[in-house]
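The structure appears below as C-alpha cells.
The values are calculated or read from the model by the stated rules, or taken from the named source; none is laboratory data. Bear in mind the structure is a predicted one, so any value in this text is a computation, not a measurement. Positions of Cβ are backbone-derived with ideal geometry, glycine not excepted, and every protein chain shown enters the neighbour counts. SASA here: full protein model, heavy atoms, side chains in, ligands and nucleic acids out. Shrake-Rupley method; radii C 1.70, N 1.55, O 1.52, S 1.80 Å.
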Number of protein chains: 2
Amino acid sequence: MFDINPSDPAPIWKQIEEGLRRLITLGTLQPGESVPSVRDLARDLRVNPNTVARAYQRLSDAGVLAVRRGEGTYVADEPTRPNRAHRTEVLRDAANRYASAALSVGVQLDEAVAVLEASFDKLVAVHRRKG
Amino acid sequence: MFDINPSDPAPIWKQIEEGLRRLITLGTLQPGESVPSVRDLARDLRVNPNTVARAYQRLSDAGVLAVRRGEGTYVADEPTRPNRAHRTEVLRDAANRYASAALSVGVQLDEAVAVLEASFDKLVAVHRRKG
DNA sequence: CATGGTGTACTAAGGCGTTAGTACACCATG
DNA sequence: CATGGTGTACTAACGCCTTAGTACACCATG
C-alpha cells in the first residue's frame, strides 16, 4: 500500500495519515472504496494496531474516511479537501525542511529539484501500480 | 543566526546541527571563525544549553567544529565535507518527505518546485545578511 | 592569583510516541 | 443464535527529547 519510515522523526500515525491522503488524492483509493482493517494494516506495516487506529480516527474526524461500525472503514463519499491556507502552510513547511537539508549537505537548487522530480515520479508510479 | 522550529518533529539538537552545517556550506561561517558559546546560543534560540551542547559535540566529533578548552568553539580549519553516499541519502530522504507532503495535500510537481525555489531564496538571503 | 567564561558531565523530572495486552460494543455471516 | 471481524478504549511500560539544576576542569583576563 505505502511505506513507513521508522527513522523518520515524524510520528508513524502521521505518516499513515499522510500516506492515505496521498493515495486518495492520487485516485488509488476512490470514494466509497474500503481501506484495510486496523489490524490488517498494522500487520502489513509491522506496526501496533493502536497507531493505525489513531490515524484512522483522525481521518474520520477530518471527514476523509467514514467508519461503519462493526463492518469496516471506507473512503468518504466526498472526501474533505484541505483548504488553501492549510495546503500552503503544509507545503511551505515541508519546502523549508527540504531546502534546509539540501543546503546543509552542500546541494544546490538544480540538483535538489532533480531529486525531487525523481521522488514524485516514484510515488506516482506506485499509484499506477494500484498500491 | 538561524531559526528553530519547535513544531518540527525533528529533534532541536538536529535542527541546530543542520543549521550550523548550512551556514558553513553557505560561507556565512568561515573556517577558523568562532561560533556562539553554548549558553549564548541557547539563550538566543530560547533553548536549554544541554541541547546546544549536544549539537556542538556531534559537530566536533564529525570534524566540523573544533573546541579549544576553556576558550570557545570554532569552525574547523578544514571542515569535514559529507561524502557522496551520505549526501545523496540525506537528499533522497528529504525529497521523499517533501514529495509525500505535497501529494498528500494535492499539490503537483510544478507548484512544489516553485515553493521550493522560494525556500532556497529565503535561506540564501539570510546568508547574504550575514546571519 | 582571583574572576569569569568556556565546554562537559551528571541527575531528576515531565512529555510524547510506541508497544503490548486486554476488553468492550457493534455488525455481517453462517 | 453463535462466531468472528470490525472500530474503540483503557492501562502499563519503555525510550527519546527536553528542561532544570548543579558541578567540574579548563583557560584568558585583569
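Only one entry of B:LEU65, B:LEU41 meets the criterion of being touching a Phe, Trp or Tyr at 6+ places or on another chain (Cβ under 9 Å), more than 9 Å from DNA strand D (Cβ to nearest atom) and either within 14 Å of B:GLU18 (Cα to Cα) or open to solvent by 80 Å² or more (accessible area, probe 1.4 Å) (or both), and that entry is B:LEU65.
Scan region A:46-54 and tell me whether some residue there is within 11 Å of chain B (Cβ to nearest Cβ) and within 23 Å of A:LEU26 (Cβ to Cβ). First the steps, then the outcome.
Step one: of region A:46-54, the residues within 11 Å of chain B (Cβ to nearest Cβ) are none.
No: region A:46-54 contains no residue that is within 11 Å of chain B (Cβ to nearest Cβ) and within 23 Å of A:LEU26 (Cβ to Cβ).
Of the residues B:THR88, B:THR51, the single one that is under 24 Å from B:ASP8 (Cβ atoms) and within 16 Å of DNA strand D (Cβ to nearest atom) is B:THR51. Pairs only if they're at least six apart or on different chains, beta carbon under 6 angstrom, first in region B:14-38 and without any contact (Cβ under 8 Å) to a residue 60 or more places away in the chain, second within 12 Å of DNA strand D (Cβ to nearest atom); list them, first residue then second. Close Cβ pairs satisfying both conditions: B:GLN15/B:ILE4; B:ILE16/B:ALA55; B:GLU17/B:ALA55; B:GLU17/B:ARG58; B:SER34/B:GLY72; B:VAL38/B:PRO49; B:VAL38/B:VAL52; B:VAL38/B:ALA53.
The set of residues in region A:108-131 that are assigned to a loop (DSSP other than H, G, I, E, B) and in contact (Cβ under 8 Å) with a residue 24 or more places away in the chain comprises A:LYS130, A:GLY131. With respect to the conditions (1) within 16 Å of DNA strand D (Cβ to nearest atom); (2) in contact with a Leu (Cβ under 8 Å, 6 or more places away or on another chain); (3) within 11 Å of chain B (Cβ to nearest Cβ), A:PRO11 lacks only one, and its number is (2).
Taking the condition of being open to solvent by 40 Å² or more (accessible area, probe 1.4 Å) and closer than 17 Å to B:LEU23 by Cβ, how many residues in region B:107-123 meet it? So that I can check it myself, show each step before the final result.
Let us first name the residues in region B:107-123 that are open to solvent by 40 Å² or more (accessible area, probe 1.4 Å), namely B:108-111, B:114, B:117-118, B:121-122.
Retained after the next criterion (residues that are closer than 17 Å to B:LEU23 by Cβ): B:121-122.
Matching residues across region B:107-123 total 2.
The residues in region B:82-125 that are over 17 Å from the mean Cα position of the chain (by Cα) and among the β-branched types (Val, Ile, Thr) can be counted, and the count is 4.
Report yes if B:GLU18 is touching a helix residue (DSSP H, G or I) at 6+ places or on another chain (Cβ under 7 Å) and at pLDDT 95 or above, otherwise no. It is true that B:GLU18 is touching a helix residue (DSSP H, G or I) at 6+ places or on another chain (Cβ under 7 Å) and at pLDDT 95 or above. Inspect region B:93-106 for any residue being surrounded by fewer than 20 Cβ atoms within 10 Å (Cβ to Cβ) and closer than 21 Å to A:ALA101 by Cα and give the result as yes or no. Scanning region B:93-106 turns up at least one residue that is surrounded by fewer than 20 Cβ atoms within 10 Å (Cβ to Cβ) and closer than 21 Å to A:ALA101 by Cα. Candidates A:THR88, A:THR80: the one that is open to solvent by less than 80 Å² (accessible area, probe 1.4 Å) and under 24 Å from A:GLY32 (Cα atoms) is A:THR80. Filtering region A:37-47 to residues that are away from DNA strand C (no atom under 12 Å from the Cβ) and closer than 19 Å to A:PRO11 by Cα leaves only A:ASP44. For B:LYS14, the criteria (1) within 10 Å of DNA strand C (Cβ to nearest atom); (2) surrounded by fewer than 18 Cβ atoms within 10 Å (Cβ to Cβ) hold in every case but one, which is (1).
When only residues in region B:48-107 that are among the β-branched types (Val, Ile, Thr) and either in a helix (DSSP H, G or I) or in contact (Cβ under 8 Å) with a residue 12 or more places away in the chain (or both) count, which is farthest from DNA strand C (Cβ to nearest atom)?
B:THR88
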